[in-house]
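Enquirer: Could you have a look at this structure, given as C-alpha cells, before my questions?
The values are calculated or read from the model by the stated rules, or taken from the named source; none is laboratory data. Because the structure is predicted, anything quoted here is derived from the model rather than measured. All Cβ positions, even for glycine, are placed from backbone atoms using ideal geometry, and neighbour counts span all protein chains on display.
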Amino acid sequence: MKRRVIAILFATASLMFSAVHAGAAGDGRFVAIDVPNAGTAAGQGTFPSGINKHGAVVGNYYSSTNQGFGFLYDHGHFTAVNDPHAGTGAFQGTDPLSINSHGAMVGYYVGSAGVLHGFLYRGGKFTTLNDPRAGTSASQGTIPQGINDDGDIAGGYIDGAGVIHGFTLIDGRYKTVDDPHAGTAVGQGTALCSTNNHGATAGALVDAQGDHHGFVDRDGRLSALINDPNAANGNGLGTETFGITDTGEMAGQYFDASGVLHGFTLIRGRFTTIDDPKGVTGTSIQSLADTGELVGYYTDGSSAAHGFVFFPDEG
C-alpha cells in the first residue's frame, strides 16, 4: 500500500471519469478517476492525494515501468505536474500531495539517487524544499504534505538515521514537530499530513511498538491520540489521520485485524467508515475539502490502485 507518504515515510514509493457507484459504507457516491497510462500491476495505478474547495484534485500515477507521474485534474481538464529534477527510473518521479484554494501545490519528487525532495509548485514554477535536518541518502529526505491558503506548509522528513520527524514551514522557517508518543527507531516517528487555515495540522505517528496513531497539533498543543474504534493494534496496524478542514473535520485510513485498509471520516466526534464497493483489497481516504468532498483510492484484486472522489449525501 502506498500513500500520504505515511506509507512512504513509514515503509522506507488524459484522466477518465467512469460511472458513479454507491458506497458500501458512508452515504454518498463515488466517481472514479483512472489515468489511462497508469499501470495495472500491484503497487501501480492512480493515487489522488489532495482536493481543494474548488474541486481541483492532485495526485500521481505509477506506470507499467513503476515510474511516478504527477497530475492535476480540474473540472474535466488534465494537466501534467512533473518536477524537472525528478528521476526517470522505477520508483522515481513526481508526487503532488496537496493543493490550496489558490492552486499552489506541494509534494515531493524522487531523484535519480533515490533521495526524496520536497517541492512547491506555484505560478508554473517549481521550488525545491529540503528541510535542513533531512538525510541525504537514498530513501531519506523531505516530503511536504499539506499547504493552506496562507502558504504555510506541513510535512515530514526522514533523517540520516532513518527516523521520521514532522515539520512546518512558515515564513521561510522550518520547525520540527515530534509527538512524544512516537518511537525513535528506524521507520518510526512523526509526520504532519495536512494543515488548515487556522494553523491546525493533522498527522500520524508510529510508536515504539510499530502501532500507527493519528493526532492533531493546534499551535503546539498536541491532541490525545486518534484511533478509529475499528482499527486493530499491532506492528504496522492502527489509524492515520491525513486531512483536516477549517472546521476541524478529519479523514484518513485505518487497518483492521486482517491488515485490510479502510477509509474513515471523523466529524463531530463520530467515526464513519468509507469503503469503495469496488475495493477488493482496501480503501484509503487521502484528503477532504472544506466543502465535504473526499479523495482517495481503492485497490483491486491485483492490488493496483484506482482513484476516486467521494461526494457525501447532504444532510
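Enquirer: For the range 32-60, give me each residue that is among the aliphatic types (A, V, I, L, M) and either over 15 Å from ASN148 (Cα atoms) or assigned to a strand (DSSP E or B) (or both).
Expert: ALA32, ILE33, VAL35, ALA38, ALA41, ALA42, ILE51, VAL57, VAL58, listed by residue number.
Enquirer: Exactly one of these conditions fails for ASP276: (1) surrounded by fewer than 24 Cβ atoms within 10 Å (Cβ to Cβ); (2) over 16 Å from the mean Cα position of the chain (by Cα). Give me its number.
Expert: Every condition holds for ASP276 apart from (1).
Enquirer: Okay, moving on. Collect the residues in the range 75-89 that are assigned to a strand (DSSP E or B), under 13 Å from MET105 (Cα atoms) and not β-branched (Val, Ile, Thr), keeping them in residue-number order.
Expert: ALA80 - this is the single residue of the range 75-89 that is assigned to a strand (DSSP E or B), under 13 Å from MET105 (Cα atoms) and not β-branched (Val, Ile, Thr).
Enquirer: Would you point out which residue out of LEU120, LEU97 is crowded, with 22+ Cβ neighbours inside 10 Å, among the aliphatic types (A, V, I, L, M) and modelled with pLDDT of 95 or more?
Expert: Residue meeting the stated conditions: LEU97.
Enquirer: Residues that are in contact with a Pro (Cβ under 7 Å, 6 or more places away or on another chain), among the aromatic types (Phe, Trp, Tyr) and more than 19 Å from PHE310 (Cα to Cα): list the strands (runs of 3 or more DSSP E) wholly contained in the range 224-268 that include at least 1 such residues.
Expert: Where strands (runs of 3 or more DSSP E) fall fully within the range 224-268, none carries at least 1 residues being in contact with a Pro (Cβ under 7 Å, 6 or more places away or on another chain), among the aromatic types (Phe, Trp, Tyr) and more than 19 Å from PHE310 (Cα to Cα).
Enquirer: Looking at (1) in contact with a Gly (Cβ under 8 Å, 6 or more places away or on another chain); (2) surrounded by fewer than 18 Cβ atoms within 10 Å (Cβ to Cβ), can you tell me which one GLY103 breaks?
Expert: (1)
Enquirer: Hey, among THR247, THR265, which residue is of a type in the set (Ser, Thr, Tyr) and surrounded by fewer than 17 Cβ atoms within 10 Å (Cβ to Cβ)?
Expert: Result of the check over THR247, THR265: THR247.
Enquirer: Hey, another quick one. How many residues does the range 72-113 hold that are among the aromatic types (Phe, Trp, Tyr) and touching a Leu at 6+ places or on another chain (Cβ under 7 Å)?
Expert: 3
Enquirer: If a residue has to be crowded, with 18+ Cβ neighbours inside 10 Å, within 21 Å of ASP152 (Cα to Cα) and of a type in the set (D, E, K, R) to count, how many in the range 209-228 make the cut?
Expert: Summing the residues that are crowded, with 18+ Cβ neighbours inside 10 Å, within 21 Å of ASP152 (Cα to Cα) and of a type in the set (D, E, K, R) in the range 209-228 gives 1.
Enquirer: Is it the case that PHE47 is closer than 21 Å to LEU288 by Cβ and out of contact with any Pro (no Cβ under 6 Å at 6 or more places or on another chain)?
Expert: So PHE47 passes the test.
Enquirer: Quick one: ALA113 ticks every box in (1) modelled with pLDDT of 90 or more; (2) surrounded by 16 or more Cβ atoms within 10 Å (Cβ to Cβ) except a single one, so which number is it?
Expert: With respect to (1) modelled with pLDDT of 90 or more; (2) surrounded by 16 or more Cβ atoms within 10 Å (Cβ to Cβ), ALA113 is out only on (2).
Enquirer: Could I ask something else about it? If GLN188 meets every condition in (1) over 23 Å from GLY269 (Cα atoms); (2) of a type outside the set (Val, Ile, Thr); (3) buried (at least 22 other Cβ atoms within 10 Å of the Cβ) apart from one, which number is that one?
Expert: If we test GLN188 against (1) over 23 Å from GLY269 (Cα atoms); (2) of a type outside the set (Val, Ile, Thr); (3) buried (at least 22 other Cβ atoms within 10 Å of the Cβ), just (3) comes out false.
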